[in-house]
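**Student:** Take this structure, written in structure tokens, and hold onto it; I'll ask about it next.
The values are calculated or read from the model by the stated rules, or taken from the named source; none is laboratory data. As the structure is a computational prediction, the values presented were derived from the model and not from experiment. Don't worry about glycine lacking a Cβ; one is built from the backbone with ideal geometry, like all the others, and counts go over all protein chains shown. Heavy atoms of the whole protein, side chains included, go into the accessibility calculation; ligands, DNA and RNA do not. Shrake-Rupley method; radii C 1.70, N 1.55, O 1.52, S 1.80 Å.
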Amino acid sequence: MTGSEQQRVVEAYIGEYASGKSENAVNRALELLEQGRPVTLVDLDVVEPFYTLRPIKRELEAKGMTVIAWETRDTMGLGEAGTLIRGDMLWSLHREGDIVLDIGYGVEGSKTLNLLHGVGEQKDLRINAVINASRPMTASVDDIIEHVRALGRVDALINNTHLADETDIALIREGARLVSEAAQVLNLPVEATAADEKFRGSLTEDDVLGQPIRFLTRYMPRTFW
């Protein structure tokens, strides 16, 4: 079955600041691209976008991906929060092929989805809330539950518990436990545990309660505005 014949993938990644939603969105788009599927990645991070897809836009496009995002040079003088939503962003769900949406952080960020044309009729849309249990607002099961409920519609959780370069397997395991317990209360699936590529070969599904593991190549540390 060819990429065009397979079920269309339409995914939005939401979460708290420093949850890793953008990293997960970029890596997911690249994963689909590597399968020979046409992919459009959309930067809808309009809530204080300090880290954006702008600096890596051309790099991703060179791999064959379509990236709908501003370039930094086009937003000079607007400030780091001076992002406008373009028409091609608002109509992105009408594009052919797979669509991956990188949404701004927090409750205000999740509201951006409501601005997209056709979002209410988009049957393929899956909204993934990325959870970093090392962040203060999502540091406990109760915190995660409260946070996810405030986001509005959520279809699945992704455990992305990390402390940047200080992350270890014990921390990832604990995040998997917290996210799993919260997911049970929320009656949501855990889509995956995401972890830095450096853990490939040492982190297994047994470490994360049987959750699928998505290993991430880190792009976002070099994408400051």
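**Student:** For residues that are in a helix (DSSP H, G or I), open to solvent by 20 Å² or more (accessible area, probe 1.4 Å) and either closer than 13 Å to GLN211 by Cβ or without any contact (Cβ under 8 Å) to a residue 12 or more places away in the chain (or both), tally how many sit in the range 143-173.
**Tutor:** Matching residues across the range 143-173 total 4.
Every residue, every condition in (1) closer than 30 Å to VAL119 by Cα; (2) of a type in the set (Val, Ile, Thr); (3) out of contact with any Gly (no Cβ under 7 Å at 6 or more places or on another chain), yes or no:
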{"residue": "ALA156", "(1), (2), (3)": "yes, no, yes"}
{"residue": "ILE169", "(1), (2), (3)": "no, yes, yes"}
{"residue": "ALA183", "(1), (2), (3)": "yes, no, yes"}
{"residue": "VAL190", "(1), (2), (3)": "yes, yes, yes"}
{"residue": "PHE199", "(1), (2), (3)": "no, no, yes"}
{"residue": "SER202", "(1), (2), (3)": "no, no, yes"}
{"residue": "ASP206", "(1), (2), (3)": "no, no, yes"}
{"residue": "GLY210", "(1), (2), (3)": "no, no, yes"}
{"residue": "PHE215", "(1), (2), (3)": "yes, no, yes"}
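**Student:** Step by step: first the residues of the range 214-224, then only those that are surrounded by 13 or more Cβ atoms within 10 Å (Cβ to Cβ) and not basic (Lys, Arg), then the one that is modelled with the lowest pLDDT. Which residue is that?
**Tutor:** THR223
**Student:** Sticking with this structure for a sec: The conditions are (1) polar (S, T, N, Q); (2) buried (at least 21 other Cβ atoms within 10 Å of the Cβ); (3) more than 23 Å from THR52 (Cα to Cα), and THR193 fails exactly one of them. Which is it?
**Tutor:** THR193 satisfies every listed condition except (3).
**Student:** In the range 174-188, how many residues are assigned to a loop (DSSP other than H, G, I, E, B) and surrounded by 14 or more Cβ atoms within 10 Å (Cβ to Cβ)?
**Tutor:** Residues in the range 174-188 being assigned to a loop (DSSP other than H, G, I, E, B) and surrounded by 14 or more Cβ atoms within 10 Å (Cβ to Cβ): 1 in total.
**Student:** Scan the range 56-83 for residues that are modelled with pLDDT of 75 or more and either under 19 Å from TYR13 (Cα atoms) or hydroxyl-bearing (Ser, Thr, Tyr) (or both) and jot them down.
**Tutor:** Hits for the range 56-83 are ILE56, LYS57, LEU60, MET65, THR66, VAL67, ILE68, ALA69, TRP70.
**Student:** How many of the residues in the range 200-213 are of a type in the set (A, V, I, L, M, F, W, C) and surrounded by fewer than 18 Cβ atoms within 10 Å (Cβ to Cβ)? Spell out the reasoning first.
**Tutor:** To start, the set of residues in the range 200-213 that are of a type in the set (A, V, I, L, M, F, W, C) comprises 203, 208-209, 213.
Checking which are surrounded by fewer than 18 Cβ atoms within 10 Å (Cβ to Cβ) leaves us with 209.
Residues meeting the conditions: 1.
**Student:** Only one of (1) without any contact (Cβ under 8 Å) to a residue 12 or more places away in the chain; (2) under 25 Å from THR217 (Cβ atoms) is not met by GLN184, so which one is it?
**Tutor:** (2)
**Student:** Within the range 100-133, track down each residue that is free of Cβ contacts under 8 Å to residues at least 40 places away in the same chain, in a loop (DSSP other than H, G, I, E, B) and small (Gly, Ala, Ser).
**Tutor:** GLY118
**Student:** If I filter the range 108-129 for residues that are under 14 Å from the mean Cα position of the chain (by Cα), at pLDDT 95 or above and either more than 25 Å from VAL10 (Cα to Cα) or open to solvent by 60 Å² or more (accessible area, probe 1.4 Å) (or both), do I get at least one hit?
**Tutor:** Yes, the range 108-129 contains at least one residue that is under 14 Å from the mean Cα position of the chain (by Cα), at pLDDT 95 or above and either more than 25 Å from VAL10 (Cα to Cα) or open to solvent by 60 Å² or more (accessible area, probe 1.4 Å) (or both).
**Student:** Which members of the range 34-56 meet the condition of being open to solvent by 20 Å² or more (accessible area, probe 1.4 Å) and within 16 Å of the chain's Cα centre (by Cα)? Steps first, please.
**Tutor:** Of the range 34-56, the ones open to solvent by 20 Å² or more (accessible area, probe 1.4 Å) are 34-36, 38, 46-48, 50-51, 55.
Answer for the range 34-56, where residues must be open to solvent by 20 Å² or more (accessible area, probe 1.4 Å) and within 16 Å of the chain's Cα centre (by Cα): VAL46, VAL47, PHE50, TYR51.
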